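Notes to accompany the following structure.
The values are calculated or read from the model by the stated rules, or taken from the named source; none is laboratory data. What you are looking at is a predicted structure, and each value in this text was computed from that prediction instead of being measured. Cβ placement follows ideal geometry from the backbone for every residue including glycine, while neighbour counts extend to all protein chains displayed. To get the accessible areas, we keep the full protein, side chains included, count just its heavy atoms, and leave off ligands, DNA and RNA. Shrake-Rupley method; radii C 1.70, N 1.55, O 1.52, S 1.80 Å.
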Amino acid sequence: MTVREELERLEHRRLNPLAAFSDKSTGRPRPEPEREEDVRTCFQRDTDRIVHSKSFRRLMHKTQVFLNPEGDHYRTRMTHTLEVTRIAKTITRALGLNEDLAEAIAMGHDLGHTPFGHAGEGALTECWGKPFRHNEQSLRVVDILEKDGQGLNLCNEVRMGILGHTGSYIPETLEGQIIRRSDQIAYVNHDIDDAIRAGILTTEDIPRDIAAILGENQRDRINTLVCDMIFTSREAGKICMTPHIEKALADLRSFMFERVYRNPIAKGEESKAKDMLQMLYRYYVENPEELPEDFQPQLTFDGLGRTVCDYIAGMTDNYAVGKFNEIFVPTGWNVR
């Protein structure tokens with residue numbers, strides 16, 4: 001028996017029968033032979049593939065909410081991903097579900113996010129003429145774009161969890177459904193923390209009825225939401241919250257949209273970011289020969305608009321600014 005087989009057998013001994021078991025995975029887009037020296041389950045291997053990918057490393061330089069904040073302690077897509085992962089693993093472990101699957105989905109869920117957060121999504125949607133959704137782009141990253149067009153060839157359970165972390169599609173696995181909730185719990189709470197740090201909110205600004213239910217600070221709110229999901233899901237046999245907690249979370253998200261996500265101070269630079277990305281899009285559409293060499297073959301089978309979207313979506317915030325300056329901002333020169 002290999003180490004991998006021992007781990008798979010252990011899953012059946014200790015996990016909830018409703019868990020997604022690694023030896024019952026529906027497979028990968030491209031079948032891979034099993035190896036006697038395997039020491040990881042398929043979901044553990046997927047996490048490693050994601051963590052070692054270029055797209056994952058770029059998350060550290062992509063905006064969460066505040067564009068290019070001055071300070072070392074504001075969240076990025078990377079820190080957001082890590083917070084989602086920790087919340088999801090806590091819930092998954094308590095419910096006896098597969099932590100390895102939850103970790104892989106959480107680590108990969110935002111790989112397709114554009115520079116400058118949702119402002120980047122909006123910019124590409126307007127330019128491309130089709131909805132650009134970061135969850136669909138994340139799946140595209142792991143299926144096609146990574147490893148020079150080979151993709152990461154992840155398990156279907158991980159792929160569908162990444163696709164379904166937001167939007168209309170609901171993952172079949174309970175682990176994937178946990179990521180949807182963990183994402184909401186993480187971003188609402190850490191965005192409050194960042195907004196308070198930025199001076200846009202104070203603790204007292206949180207509506208009193210919401211604070212009375214969820215708690216007065218980030219620690220208490222996360223604890224309330226996580227514990228409620230665990231105990232309610234245990235009783236129901238499905239991933240859910242009690243109605244009054246779920247409503248409080250929805251009300252808190254609405255409050256954040258009103259006070260932070262659409263705040264002219266917090267989001268004041270977004271129009272500039274959108275204009276910049278749209279100018280880059282138009283430039284590359286008009287000058288496709290200027291796309292990097294590794295994107296040139298893609299033009300023949302994906303078309304110009306799709307290829308330019310892929311290139312721009314993969315940029316970090318600073319890389320996008322650098323490209324804009326390189327193309328559109330004149331540089332000084334010395335007359336001798």
Distance in nm between pseudo-label sites at Glu6 and Arg86 (7 Å out along the Cβ direction from Cα): 3.1
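Only four residue types carry charge here, +1 at the Cβ of Lys and Arg and -1 at the Cβ of Asp and Glu. Report the dipole size of the range 195-239 about the Cα centre in Debye, rounded to the nearest 20. Numbers along the way, then the final one.
Working: 6 positive and 7 negative charges, 44 e Å.
Here the range 195-239 has a charge dipole of around 220 debye.
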Between the alpha carbon centres of the range 187-204 and the range 300-320 the gap in Å comes to 32
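Rounded to a whole number, what % of the accessible area of the range 1-129 do carbon and sulfur atoms account for, probe 1.4 Å?
Details: 3120 of 6210 Å².
Ligands and nucleic acids excluded, carbon and sulfur reach 50 percent.
Out of the trypsin sites (Lys or Arg not before Pro) in the range 229-313, which ones are loop residues according to DSSP with at most 13 other C-beta atoms within 10 Å?
Numbers: sites: Arg234, Lys238, Lys247, Arg253, Arg259, Arg262, Lys267, Lys272, Lys274, Arg282, Arg306; in loops: Lys238, Arg262, Lys267.
For trypsin sites (Lys or Arg not before Pro) across the range 229-313 that sit outside H, G, I, E and B with at most 13 neighbouring Cβ atoms in 10 Å, the list reads Lys238, Arg262.
Are there GluC sites (Glu not before Pro) in the range 21-125 that DSSP puts in a loop and that have at most 16 other Cβ atoms within 10 Å, and which ones? Kindly include the intermediate steps, with their values, before the conclusion.
Numbers: sites: Glu34, Glu36, Glu37, Glu70, Glu83, Glu99, Glu103, Glu121; in loops: Glu34, Glu36, Glu37, Glu70.
In loop regions of the range 21-125 (DSSP not H, G, I, E or B), the sparsely surrounded GluC sites (Glu not before Pro) are Glu34, Glu36, Glu37, Glu70.
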Say a paramagnetic label sat at a point 7 Å from the Cα of Ala236, along Cα to Cβ; which residues of the range 69-103 have their backbone N under 20 Å from it? 87-98, 102
Can you tell me the dipole magnitude for the range 9-70 around its Cα centre, using point charges on the Cβ only (Lys, Arg +1; Asp, Glu -1), in Debye to the nearest 20? 160
Taking all protein chains in place and a 1.4 Å probe, what share, in percent, of the accessible surface of the range 134-193 do carbon and sulfur account for? 46
Between the residues Val84, Pro33, Tyr74, the Cα farthest towards the positive end of the dipole of the range 1-111, that dipole coming from +1 and -1 charges on the beta-carbon of Lys, Arg, Asp and Glu, is from Tyr74
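Two decimals, Cα atoms only, Kirkwood Rh: what is Rg/Rh over the range 1-50? Could the numbers behind the result be given before it?
Numbers: Rg = 11.1 Å, Rh = 11.7 Å.
So for the range 1-50, dividing Rg by the Kirkwood Rh gives 0.95.
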Using +1 at the Cβ of each Lys and Arg and -1 at the Cβ of each Asp and Glu in the chain, identify which of Leu145, Thr316, His109 lies farthest towards the dipole's positive end. His109
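Would you please calculate the Kirkwood hydrodynamic radius of the range 260-336 over all C-alpha pairs and express it in Å, rounded to one decimal?
Values: mean 1/r = 0.0705 Å⁻¹.
After inverting the pairwise mean of 1/r, the radius is 14.2 Å.
If you take all C-alpha pairs in the chain, what percent of them are over 39 Å apart? Walk me through the intermediate numbers first.
Values: 10494 of 56280 pairs.
When all Cα pairs of the chain are counted, 19 percent exceed 39 Å.
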Measuring from centroid to centroid over Cα atoms, what is the spacing of the range 1-55 and the range 322-336 in Å? 50
Of Lys24/Lys130; Lys62/Lys272; Lys130/Lys238; Lys89/Lys247, pairs whose Cα-Cα distance is over 25 Å: Lys24/Lys130; Lys130/Lys238
Selected from Asn325, Asn156, Asn223 as most flexible by GNM, with the chain as the system and alpha-carbon contacts under 10 Å: Asn325
For the pair Asn16 and Glu258, how long in nm is the line joining their label points, each one 7 Å along Cα→Cβ? 3.4
Looking at the P(r) of the range 5-114, how many percent of alpha-carbon pairs lie beyond 24 Å? 35
Averaged per residue, what accessible surface does the chain expose to a 1.4 Å probe, in Å²? 49
